[in-house]
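Enquirer: Quick one: the structure is below, and I'll ask about it shortly.
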Amino acid sequence: MKLRILIADDHELVRRGLAALLLSHEGWEVCGDAKDGREAVDKARQLKPDVVILDVGMPNLNGLAATRQLMQHDPNVKVIVLTITDSDQVIREALDAGARGFVLKSDAARDLVTAVEAVQRNRMFFTPRVNDMVLAGFLDRRENGGTTESPKLPKLTPREREVIQLLAEGKSSKEVASLLNLSTKTAETHRSNIMRKLGIHSIRDLVVYAVKNDIIQVQVPSRTDPAQGPAA
Amino acid sequence: MNSSRLGDVRDNKKSMPVRILVVDDHPVVRHGIRTLLGRHADWEVVDEAEDGVEAVEKADRLRPDVVVLDLSMPRMNGLEACRLIRKNVPESEILIVTQHNSPQMMREAFKANAKGYVVKSDAGRDLVDAVDAVSQHKFFGHA
């Protein structure tokens with residue numbers, strides 16, 4: 001029986017590139033694709049894939065929140081997270097959410113097939129650069145007698161994480177309510193609770209929090225990015 | 001989004017072979033571009049490059065009809081590469097394929113002598129038409 005894979009990324013070029021990579025492997029099929037985390041969760045419920053490959057930085061519902069929802073619905077599904085960033089926090093959150101694989105987008109052409117093969121055999125896979133970081137973090141904790149805990153973020157519920165992403169993307173409480181099938185009043189209550197828990201008082205601070213904590217990702221211009229300044 | 005189409009080639013398909021160089025720093029995106037271009041039987045992706053420096057060098061050597069060129073890349077960005085390729089290989093037309101959905105950036109690209117501009121999120125819809133247009137030395141722009 002073929003291994004059924006669902007791909008989720010907000011860029012069609014990336015979805016097509018990933019599909020081309022995966023379809024070169026005999027015995028695998030791409031059973032569907034999705035352009036954001038919410039669509040990925042819906043499609044996974046319909047299509048019941050064996051493996052889901054999720055970009056972290058997607059609109060509406062990011063890959064980490066989608067991983068949590070996927071695992072809640074089907075703990076046997078194997079999630080591989082794709083990301084442009086290898087920050088400690090994203091790695092930690094991906095693991096906490098139940099991801100079995102972690103691949104940097106820049107390394108995907110080299111590592112994705114190996115990652116899918118690994119999770120197919122019930123193993124975990126990390127891009128080598130990430131693997132070193134995970135191991136270093138593990139050794140740090142051992143050397144410190146297991147006392148070096150990562151800084152604790154205020155505990156947000158899964159629903160609050162969905163709401164904070166949508167608010168940080170610029171959606172109003174009414175739009176949040178509509179997207180999540182809530183009343184506007186409930187969406188506003190979530191918003192108030194989030195702000196109270198985080199100790200913030202404005203949407204601007206909420207956006208800053210969301211960016212700093214990888215709830216939404218923004219493109220950081222590189223030195224050779226022509227958008228950074230006058231035409232290079 | 002303001003949209004302006006500078007060239008429309010849907011009714012004017014060309015059947016001559018088109019030799020294409022694909023330039024992007026992400027291999028997965030290059031795969032995606034190849035897959036989309038593979039729809040057209042007469043087109044050949046002659047090579048790939050992962051930054052502007054490599055693009056200029058390969059364009060010099062391969063003299064492709066079309067260079068599909070990303071803007072944000074290490075070592076040398078797409079605008080700089082565009083200027084150099086147009087100077088060194090005037091017969092190669094440049095199609096910028098970028099995440100920057102910005103009329104200002106599109107103007108910069110045309111000032112650098114690009115022939116076409118496609119935003120990555122619209123590539124599924126526009127890439128084939130855009131390559132078709134620029135391969136016939138027609139402008140194509142959406143931003």
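The values are calculated or read from the model by the stated rules, or taken from the named source; none is laboratory data. Everything quoted here is computed from the prediction, not taken from an experiment. As a convention, Cβ positions derive from the backbone with ideal geometry for all residues, glycine included, and neighbour counts pool all protein chains shown.
Enquirer: Tell me the residue from A:Val113, A:Val90, A:Val77, A:Val81 that is closer than 28 Å to A:Leu179 by Cβ, surrounded by fewer than 24 Cβ atoms within 10 Å (Cβ to Cβ) and modelled with pLDDT of 85 or more, please.
Expert: Residue meeting the stated conditions: A:Val77.
Enquirer: Check B:Pro64 against each of (1) outside any strand (DSSP E or B); (2) closer than 19 Å to B:Val29 by Cβ; (3) within 10 Å of chain A (Cβ to nearest Cβ) and name the one condition it does not meet.
Expert: The single condition B:Pro64 does not satisfy is (3).
Enquirer: How many of the residues in the stretch B:36-55 are closer than 21 Å to B:Met106 by Cα, within 11 Å of chain A (Cβ to nearest Cβ) and part of a helix (DSSP H, G or I)? Step through it out loud before you land on a result.
Expert: Applying the first criterion (closer than 21 Å to B:Met106 by Cα) to the stretch B:36-55 yields B:51-52, B:55.
Still in the list and also within 11 Å of chain A (Cβ to nearest Cβ): B:51-52.
The next check asks that each one be part of a helix (DSSP H, G or I); those that pass are B:52.
Summing the residues that are closer than 21 Å to B:Met106 by Cα, within 11 Å of chain A (Cβ to nearest Cβ) and part of a helix (DSSP H, G or I) in the stretch B:36-55 gives 1.
Enquirer: Looking only at the stretch B:107-128, count every residue that is closer than 14 Å to B:Arg83 by Cα and assigned to a helix (DSSP H, G or I) and tell me the total.
Expert: 5
Enquirer: Considering only the stretch A:93-110, state which residues are surrounded by 18 or more Cβ atoms within 10 Å (Cβ to Cβ), among the acidic types (Asp, Glu) and more than 13 Å from chain B (Cβ to nearest Cβ).
Expert: A:Glu93
Enquirer: List the residue pairs whose Cβ atoms are under 6 Å apart, where the first residue sits in the stretch B:98-117 and is without any contact (Cβ under 8 Å) to a residue 60 or more places away in the chain and more than 11 Å from chain A (Cβ to nearest Cβ), the second is of a type in the set (A, V, I, L, M, F, W, C) and assigned to a helix (DSSP H, G or I), and the two are 6 or more positions apart or on different chains.
Expert: Listed pairs, sorted by first residue: B:Ala114/B:Cys82; B:Lys115/B:Val134; B:Tyr117/B:Met106; B:Tyr117/B:Ala109.
Enquirer: Here's a follow-up. Condition first: over 18 Å from B:Leu36 (Cβ atoms) and not in a loop (DSSP other than H, G, I, E, B). Now tell me which residues in the stretch B:90-106 satisfy that. Spell out the reasoning first.
Expert: The initial filter retains those residues of the stretch B:90-106 that are over 18 Å from B:Leu36 (Cβ atoms), namely B:90-92, B:100-106.
Within the stretch B:90-106, B:Pro103, B:Gln104, B:Met105, B:Met106 qualify.
Enquirer: Something else about it: Here are some conditions: (1) under 22 Å from A:Gln69 (Cβ atoms); (2) at pLDDT below 90; (3) assigned to a helix (DSSP H, G or I). A:Met133 meets all but one. Which one does it not meet?
Expert: The number of the failed condition is (1).
Enquirer: Sticking with this one: Of A:Lys78, A:Lys35, which residue is basic (Lys, Arg) and within 14 Å of chain B (Cβ to nearest Cβ)?
Expert: Working: A:Lys78 fails: within 14 Å of chain B (Cβ to nearest Cβ).
Answer to the check: A:Lys35.
Enquirer: Can you spot a residue in the stretch A:118-126 that is within 14 Å of chain B (Cβ to nearest Cβ), in contact with a Leu (Cβ under 9 Å, 6 or more places away or on another chain) and modelled with pLDDT of 90 or more?
Expert: Among the residues of the stretch A:118-126, not one is within 14 Å of chain B (Cβ to nearest Cβ), in contact with a Leu (Cβ under 9 Å, 6 or more places away or on another chain) and modelled with pLDDT of 90 or more, which makes the answer no.
Enquirer: Could you tell me which of the residues B:Lys87, B:Lys58 is in contact (Cβ under 8 Å) with a residue 24 or more places away in the chain, basic (Lys, Arg), part of a helix (DSSP H, G or I) and away from every other protein chain (no Cβ under 11 Å)?
Expert: Of B:Lys87, B:Lys58, the one residue that is in contact (Cβ under 8 Å) with a residue 24 or more places away in the chain, basic (Lys, Arg), part of a helix (DSSP H, G or I) and away from every other protein chain (no Cβ under 11 Å) is B:Lys58.
Enquirer: Let me spell it out: the conditions are (1) more than 10 Å from chain A (Cβ to nearest Cβ); (2) over 17 Å from B:Arg19 (Cα atoms); (3) in contact with a Gly (Cβ under 6 Å, 6 or more places away or on another chain), and B:Leu69 meets all of them except one. Which number is the exception?
Expert: (2)
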